[in-house]
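Structure first, then comments.
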Amino acid sequence: MTTLDKVLPAHAKPAVILFFSGILVVVLLALFPHWLPMDEKGKTVPMTTAVQFVMLAFGAFILFLSNAKAATIARSEVFTAGMIAVVSIFGIAWMSDTFVKANQGFLVDNIKVMVEYAPWTFALAMFAVSAFVKSQAATLTIMVPFGLALGLTPHQLLAIMPSCYAYFFFAFYPSDLAAINMDRSGTTRIGKYLLNHSFMMPGLIGVGVSTVAAYALTHFYF
């Protein structure tokens, strides 16, 4: 088994099968939530927690199968890039949430007129926050209450919700870094000017079309 003239070990194929098996288990748990285990209080374990223990378990299975050394994995480029990105994301998310909450009154007073005149402009603000926060959940947690305080209706917020996906704008999200590190062909890359990377055009087209379509559909139905 080879890829770009690099011979892969015999356990590479079973490891990939195990990885996708873990993803399949996560999908099944999401489709059938009654399969989720209960905690000591009798409550269903949250899906986010289930994803963690399922993938960690399958990661352990892959380690046992391949006899890989944990220390070797910790020194790999993908692991290092991922850990740096995780720390960056958590730090930026906390900082952004703290900043918005501490200055919400000032921001509402200065942005309210613009949003009342053109509600769609709030999508630009949501996109900008998402580009730095690197989390759709964190972006919505920060911006939805902010949008409601500005007077936007739930329908308007629903219409611009696709704009909360801006992970790709600065290419240091874990999946972006993983794609760059794993692509031995060199075609997936961060450009010389940082913003001219491989994810920019597909990301802008996808988010732009999705937001416009959602905005049009929401206005049509509501």
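Select from segment 70-84 the residues that are under 23 Å from the mean Cα position of the chain (by Cα), closer than 14 Å to G59 by Cα and of a type in the set (G, A, S) and list them in ascending order.
Of everything in segment 70-84, just one residue is under 23 Å from the mean Cα position of the chain (by Cα), closer than 14 Å to G59 by Cα and of a type in the set (G, A, S), namely A74.
On the basis of being open to solvent by less than 60 Å² (accessible area, probe 1.4 Å), assigned to a helix (DSSP H, G or I) and at pLDDT below 80, does I89 make the cut?
yes
Considering only residues of segment 132-182 that are of a type in the set (V, I, T) and assigned to a helix (DSSP H, G or I), which is nearest to F222 (Cα to Cα)?
V144
Specify the residue that is nearest to Y173 (Cα to Cα); the eligible residues are those in segment 104-154 that are open to solvent by 40 Å² or more (accessible area, probe 1.4 Å), modelled with pLDDT of 80 or more and of a type in the set (G, A, S).
A128
Could you please find all residues in segment 183-222 being within 30 Å of L152 (Cβ to Cβ), assigned to a loop (DSSP other than H, G, I, E, B) and open to solvent by 70 Å² or more (accessible area, probe 1.4 Å)?
L195, F222
Scanning segment 45-83 for residues that are surrounded by 13 or more Cβ atoms within 10 Å (Cβ to Cβ) and in contact (Cβ under 8 Å) with a residue 40 or more places away in the chain, which turns out farthest from S21 (Cα to Cα)?
Across segment 45-83, the extreme among qualifying residues is A81.
The values are calculated or read from the model by the stated rules, or taken from the named source; none is laboratory data. Because the structure is a prediction, the values reported are computed rather than measured. Backbone-built Cβ (ideal geometry, glycine too); neighbour counts: all protein chains shown. Note: areas computed on protein heavy atoms with side chains; ligands, DNA, RNA excluded. Shrake-Rupley method; radii C 1.70, N 1.55, O 1.52, S 1.80 Å.
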